[in-house]
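I have placed the structure first, in the form of C-alpha cells, so that the comments after it can refer back to it.
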Amino acid sequence: MVQQVLINNDDYYVPDANQLITEDDTPVDNFASEKQQRLLVGSLYSSLQSQTFLAAANVGIYHTDGQPAIVPDVFLSLDVQVPENWWEKQNRCYMVWRFGKPPEVVLEIVSNKEGDELGKKLQIYEHMRASYYIVYDPNQQLGEKVLRVYELRGRRYFETSENWLEQVGLGVTLWEGKFEDRQDTWLRWCYQDGIVLLTGDERAQQAEQRASQAEQRAQILAERLRAMGVDPETL
C-alpha cells in the first residue's frame, strides 16, 4: 500500500507520487509495435489540433491505490492535458486521481500470448472504467479476430462489432498502405465516413500535391490565353 498524503487541507486523500514507480527503463517493444504506436499517437496530434486531449504510448496509468500501474500500448484521454511541469514526479505518468478520470480509450497491440490481453488486462481496464478497450492482434495470436473492440456498458465490457467509438467521436479501421516507407496493414483512427486521420507527413504530401496541381492548372490556363493572343503576364 502506498503512503497517503493530505492535499489542500481537506478530506481528499491521494497516494504520494514519490512512492510510485513512474518509469523503470525496461525496453519491451518490438519494431512493429513501436511504429504502430507512433502512427496512432502521431496522427491524433496532427489531425485533432483544435481539440484538447492527451494521447501517449507506453505511459503508465495508476488507477487504484495500492495497485501497480498498467501500461497500455496507446491511450487517449479527452479534455485533459499534460501538466506544464511534466518532470515533476506526480506528473510523469497518468494518475487517474490527478486527471479526474480514466482515459476514454486504451489499446493493446498483441505480440505474443503472454500479455493476457483478454484476461487480466481486460479486467483491469474494466475496473478502471475506460470507455473503450481495443485489442489489435495482427498475427492472430489470440484467435481468428485481428481487431476486438470492447465498450463499457454499466460496469462491464461487452465486445461490439462496431468500430465507431461514439463517445469519442472517432473510429478505428484496418488500412493497407505505407507508413514511414513500410508497406503493411496498419490500425488507424478514422472519421465516421471511414477517412483516416492523417499523419503530419501525409498532410505535407497532400499540400505538395495541391500546390503542384494548382501550378499545372495555371500553366494550362496561360497556354490557352497565349493561344488566344492574350499575354497572361499582363492580366
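The values are calculated or read from the model by the stated rules, or taken from the named source; none is laboratory data. On a predicted model such as this, the values are computed, not experimentally measured, just so you know. Every residue, glycine among them, receives a Cβ derived from its backbone with ideal geometry; neighbour counts consider all protein chains shown.
Descriptive notes on the structure:
- Candidates S33, S77, S50: the one that is assigned to a strand (DSSP E or B) and not hydrophobic (A, V, I, L, M, F, W, C) is S77.
- Options Y132, Y125, Y157; residue that is under 30 Å from W97 (Cα atoms), in contact with a helix residue (DSSP H, G or I) (Cβ under 8 Å, 6 or more places away or on another chain) and not β-branched (V, I, T): Y157
- Across the stretch 78-107, the number of residues qualifying as of a type outside the set (D, E, K, R) and closer than 20 Å to E117 by Cβ comes to 6.
- For the residues E144, E126, the requirement of being at pLDDT 95 or above and surrounded by 14 or more Cβ atoms within 10 Å (Cβ to Cβ) singles out E126.
- A Cβ distance below 9 Å, combined with a sequence gap of six or more or placement on separate chains, defines the contacts here; from the stretch 52-65, residues that are charged (D, E, K, R) reach residues that are part of a strand (DSSP E or B) and surrounded by 20 or more Cβ atoms within 10 Å (Cβ to Cβ) in the pairs D65/P15.
- Scanning the stretch 195-228 for residues that are surrounded by fewer than 11 Cβ atoms within 10 Å (Cβ to Cβ), within 30 Å of R38 (Cα to Cα) and basic (K, R) yields a single hit, R210.
- Just one of the listed residues (E117, E166, E162, E176) is within 20 Å of the chain's Cα centre (by Cα), surrounded by 18 or more Cβ atoms within 10 Å (Cβ to Cβ) and acidic (D, E), and it is E117.
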